[in-house]
Amino acid sequence: MDILLVGDSLVYGGNELKQAEKLGPLIAEQSGWSVWPAAAGSWGLQNELEFLRRHPDLVKGSDAIVVVVNSGDLTAPSAWKSPHSHPLERPRLYLPYLFNRYVRKVRAPSTSPLPVPELDVFDEWARFVAHTDVPILLVAYSSSSERHQECRWLPLKYRKTTPTFCYDAGKRGGDGLFRDAIHPSVLGNRLFARWIVRRLSGAV
């Protein structure tokens with residue numbers, strides 16, 4: 001199967017992880033499926049839906065779509081602010097780039113030079129679900145501070161659109177499954193991938 005895995009930094013993984021330790025490769029390793037991550041750090045659900053709208057072939061070529069959201073993804077969309085956090089091209093010299101990003105920690109401006117108009121994200125989501133012919137699984141992911149809350153931050157109207165599941169890593173394994181307040185550790189990613197494979201196997 002071809003699985004389109006959509007999300008923000010939870011899916012993207014970041015520089016702290018080796019490629020094989022990220023969510024998409026782990027799902028592929030555990031399932032034997034082809035997994036195609038579509039993600040970027042700080043994306044909100046509106047950003048993700050706009051990306052899918054611009055790339056309809058990704059949706060049409062998938063056998064199932066998994067969308068991972070957290071409680072911060074249902075508000076205003078993310079907008080590009082800085083080439084330090086989100087480079088537009090490969091740096092000509094890596095050392096100055098790494099120094100500015102990780103040592104000087106150059107801050108992004110408070111406002112974006114490329115603001116993104118805010119839409120009704122639920123309307124965009126409902127439209128996407130209604131016009132997509134392949135199974136969609138919505139996975140609500142709880143941060144470490146949201147354990148034991150059963151993902152109550154996800155409005156009921158989202159749960160009525162498509163099969164929806166709540167993943168609470170803190171409830172399952174405590175702080176050892178996180179590498180910060182929200183992002184999974186390597187072990188956390190491995191267990192999260194195993195959980196997604198089980199849910200997908202039962203749905204497609």
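Some points to look at:
- Number of the condition not met by residue 153 [criteria: (1) farther than 20 Å from residue 17 by Cβ; (2) modelled with pLDDT under 95]: (2)
- Of all residues making up the stretch 98-144, the number that are open to solvent by 100 Å² or more (accessible area, probe 1.4 Å) and among the charged types (D, E, K, R): 6
- The stretch 137-167, residues that are among the aliphatic types (A, V, I, L, M) and in a strand (DSSP E or B): 137, 138, 139, 140
- Against the numbered list (1) open to solvent by less than 10 Å² (accessible area, probe 1.4 Å); (2) over 23 Å from residue 53 (Cβ atoms), residue 153 comes up short only at (1).
- Only one entry in 129, 134, 106 is assigned to a helix (DSSP H, G or I) and of a type in the set (Val, Ile, Thr), namely 129.
Condition check ((1) free of Cβ contacts under 8 Å to residues at least 24 places away in the same chain; (2) not aliphatic (A, V, I, L, M)) across all residues:
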residue	(1), (2)
37	no, yes
43	no, yes
49	no, no
55	yes, yes
59	no, no
83	yes, yes
92	yes, yes
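The values are calculated or read from the model by the stated rules, or taken from the named source; none is laboratory data. Note that the coordinates shown come from a computational prediction; the quantities given were computed from them, not determined experimentally. Using ideal geometry, Cβ is built from the backbone for each residue, glycine included, and neighbour counts are taken over all protein chains shown. Only protein heavy atoms, including side chains, enter the accessible area calculation; ligands, DNA and RNA are left aside. Shrake-Rupley method; radii C 1.70, N 1.55, O 1.52, S 1.80 Å.
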